[in-house]
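Down below is the structure, laid out as structure tokens.
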Amino acid sequence: MAMKRILTTSQREQLLSVDHLSEEDFKAYFSFSDYDLEVINQHRGKVNKLGFAIQLCLARYPGCSLSNWPIKSTRLTSYVSRQLHLDAIDLNSYDHRNTRANHFNEILEVFNYHRFGSANTQKQLIEYLIELALENDDSIYLMKKTIDFLTRKRIIFPSIATLEDIISRCRDKAENNLFSILLCSLTDIQIEKLESLFQIYEETKITKLAWLKDIPGKANPESFMSICKKVEVIASMGLGTINVSHINRNRFLQLARLGENYDAYDFSRFELEKRYSLLIAFLVNHHQYLIDQLIEINDRILASIKRKGTRDSQEQLKEKGKLATKKLEHYASLIDALHFAKDNDSNPFDEIERIMPWEDLVQDGEEAKKITGNKNHGYLEMVRNKS
């Protein structure tokens, strides 16, 4: 069976590169102690000394053998050569298979490194990776954790391709564990309802799944009711009975985002376990998202009503203010008429009639009652009057 690859070429090169290290880290990894130099100088010939020293450096960082290090680093070669007081040497001449293998074995023994081949080591790594993948299945994250695990145990890791294959299998195992949790209590009725999401509506020519994902952008009663219907559809599936508490929250959200990104055609290509698991994760998360949207739309509608009610209330107060000023002017004229009637012993009603016809005076009184009759001019009163 072919090994699975999960990284890009640039990601592999970045993991194996030493040139990205800071000057401080570079010296910390690749500076030789007196003991290191003593061991290195026991080898005959400039090429062997340089080759042995380079292999020792690679064991320290990134933690691989020279045979699994396809990167060429002039920076590393130059730094090692200066420490050994060697002129520039072409490392390609250090290519005798037995010599390199013997040097590698010597480094393992003298500097207490270990090969990757131990069954116990692989078992521990697999258990460790499955546990990590249950929380985060990002490829580069798992690869860095793998290399860190092996480095802490002073184990020289094999080729990146080998590690990729191991990580891929661990991710699959972790994913199957997650699927088992999500599907263990799924009923036949729930499966039917999940499958119904791929049915196409005759009127709109879209699937129910696409309709669920379509969120109205405007904050109005129509949008509110549309989202309510979507919430009702998801709630009718009874997915709340599925216990997701044993799944890491971040990992669950990863599954939910995957489900959100796939359409009906994508889901049709998946195996049933993956199809239903991603759908469940998406729907459970989407149900909460829709409820949050309902709350937000409700708040925006209420805020809009408040703004309009406040604006209308202010306009009404302004109009009533103008009307009240006019009524006060009429009132002042009536007082003057009554004073004139008293001073001249004339009929007050005749004096009032000369200022304002009786019908206008009665109408003025009715309008004044409207001004003084309702003391509450707040925005809530405006909303009540319009409802």
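Read the figures in this text as sums done on the coordinates, not as results from a lab. Quick caveat, the model's predicted, so the values are computed rather than measured. Methodologically, a virtual Cβ is constructed for each residue, glycine included, from the backbone with ideal geometry; neighbour enumeration extends over all protein chains shown.
Results, tabulated for the structure shown:
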read-out	value
Debye, to nearest 20: dipole size of the chain, +1 on Lys, Arg Cβ, -1 on Asp, Glu Cβ	1740 debye
Distance between modelled label sites at residue 210 and residue 111, nm, 7 Å Cα→Cβ extension	6.0 nm
Sorted by Cβ density within 10 Å, fewest first, the residues 270, 349	349, 270
Taking region 114-255 and dividing mean pair separation by its residue count, relative contact order in percent (alpha carbons under 8 Å, at least six apart)	29 percent
Chain lengthening between residue 13 and residue 202 when straightened (0.36 nm per residue, less Cα-Cα)	62.9 nm
Distance (nanometres) between label positions extended 7 Å along Cα→Cβ at residue 74 and residue 46	1.8 nm
Cα-centred dipole magnitude for region 13-81, charges only on beta-carbon of K, R (+1) and D, E (-1), debye, nearest 20	360 debye
Options [x] 38.1; [y] 17.8; [z] 29.7 - which one matches mean projected area of the Cα convex hull in nm² as calculated here	[x]
Signed unit charges on C-beta, dipole axis of the chain, positive-most listed residue 270, 163, 187	163
Fewest-first sequence of 189, 280 by Cβ atoms within 10 Å of each Cβ	189, 280
Which of 69, 211, 358 has the fewest Cβ neighbours within 10 Å, and the rest in rising order	358, 211, 69
Relative contact order [Cα under 8 Å, 6+ residues apart], the chain, whole percent	14 percent
Between helix 97-110 and the chain: long-axis angle, C-alpha atoms, 0 to 90°, nearest 10	70 degrees
Calculated FRET efficiency for the pair residue 270/residue 3, C-beta based, R₀ 25 Å, to 0.05	0.65
